[in-house]
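Read through the structure below, which is laid out as structure tokens, and then see the notes.
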Amino acid sequence: MPQLRQYRSSWRSSYQGSTPHVAVLVELETDDGVVGLGEAPVAWAANADATVALIDAVRPLIVGADPLGNDVLRRRLYAETGIAHLGQGASWALSGIDCALWDILGRVTGQPLHRLWGGEWRARSPFYGDVPPGELDEMADHAREWVKRGFRTLYLKVGFGADLDIARVKAIREAVGEGPRIRVDANQAWSPAAARMIIGRLAEFELEYVEQPTPASNLDEMAALRRMVPVPILAHEASLTVEASLRTIAHQAADALQLDPRFDSGITGARTAALMAEAAGLPVVTHTWGELGVATAAMLQLHAAHRNFVLDNQTYYWNLEDDIIEGGLMAWHGCELEVPTGPGIGVDLDRDRVAHYAQLYEREVRDKPRAAEPEEFYDRRYLIRPRA
């Protein structure tokens, strides 16, 4: 799917943001002709064939299984694939199957998933505006544009060096004033000592959260940092899986958790983690890998069904030129998208659009070399983690 603007990933030299968005659609059909929809991100080296191969490999486990036995089938899939140590690559692929199974259940019962999961806590769900790394005046302009469009939370990457990080946050705060929230994401870039120093300097800009400031592997240090700094801590790499979310909660290492159904156990895993966080009194948000309408609709069902999705979530849906669902792109209402009310995930495929963009992929994306970012931007020094 073509994107409206190209933007640089802060951690990956190509694909996300720099080329058309690619995803793999999954359809499961029951003996009664009910078709469930799913969407799997192309995460493994940006190779769609790898994602398709991982899905095709479990076809014998799915064909003939009970389509309403979602949890039993999901556990069987993970039991048969987990020993291969494919980790998140397999989870991302299998998440498309998990979504399609849930969609079948909704379509069979004639209910949107949020109703099957307990009801609607919200009819619309909010998202934040992403400010990509760049020159200070460019970033300030982007921030003002988001606020003008009705977005209330701004997000930017940090971890490029203390002075540059602080200058960027300062430029954005001065551009938008005191009202909008600012959330920064270090992606584990800082050592505990660097995190204490940099977050202390950033505190004057009234940050909403600092996302994953230190390595997720050391929850004791992350918990100690949380107690020392005046800015709330949002876990991400420390909450990628259900088990990791439990450990983060037990260590009291975060003030909020960021979840992603694709990293572990699909929507079921994300729901389990959200319920654990609710029991601990913590809000949750969802992470994005870039989604088309199928996965976006599933995320919206998740947001509606859990009361602790009270913060603005991550998405790149605003950057798509079109969508492959009936009606095209879902409409924005300021920073919010409406939760679909149709059965299952609530959306259907536009077959003509699917065919058009599949042909576009074959013609212009598949097997084409990807341009690398210039060395001065994607510098190997940024990849040294953690920073002192």
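The values are calculated or read from the model by the stated rules, or taken from the named source; none is laboratory data. Since the model is a prediction, treat every value here as computed from it, not as a measurement. Ideal geometry is used to build each Cβ from the backbone, glycine not excepted, and the neighbour counts take in all protein chains shown.
Quick rundown of the values:
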read-out: Count - residues of segment 265-308 that are of a type outside the set (G, A, S) and more than 24 Å from W44 (Cβ to Cβ); value: 15
read-out: Cβ-Cβ under 6 Å pairs, at least 6 apart or on other chains, segment 307-327 side within 17 Å of R152 (Cα to Cα), far side in a loop (DSSP other than H, G, I, E, B); value: V310/P283; L311/P283; D312/Y128; Q314/H287; Q314/T288; T315/T288; Y316/T288; Y316/G290
read-out: Residues located in segment 34-76, provided they are part of a helix (DSSP H, G or I) and under 16 Å from G290 (Cβ atoms); value: A48, T51
read-out: Candidate set: segment 116-133, residues that are in contact (Cβ under 8 Å) with a residue 12 or more places away in the chain and aliphatic (A, V, I, L, M); chosen: the one farthest from L337 (Cα to Cα); value: V131
read-out: Candidates V58, V52, filtered to the one that is in contact with a Ser or Thr (Cβ under 9 Å, 6 or more places away or on another chain), surrounded by 14 or more Cβ atoms within 10 Å (Cβ to Cβ) and closer than 20 Å to E29 by Cβ; value: V58
read-out: Among the residues listed as G119, G150, G161, the single one being at pLDDT below 95, out of contact with any Ser or Thr (no Cβ under 8 Å at 6 or more places or on another chain) and on the phi > 0 side of the Ramachandran plot; value: G161
read-out: Out of L154, L136, L164, L113, sole residue that is touching a Gly at 6+ places or on another chain (Cβ under 7 Å) and free of Cβ contacts under 8 Å to residues at least 60 places away in the same chain; value: L154
read-out: Criterion (among the charged types (D, E, K, R), over 21 Å from the mean Cα position of the chain (by Cα) and at negative phi) met by exactly one of D141, D103, D130; value: D141
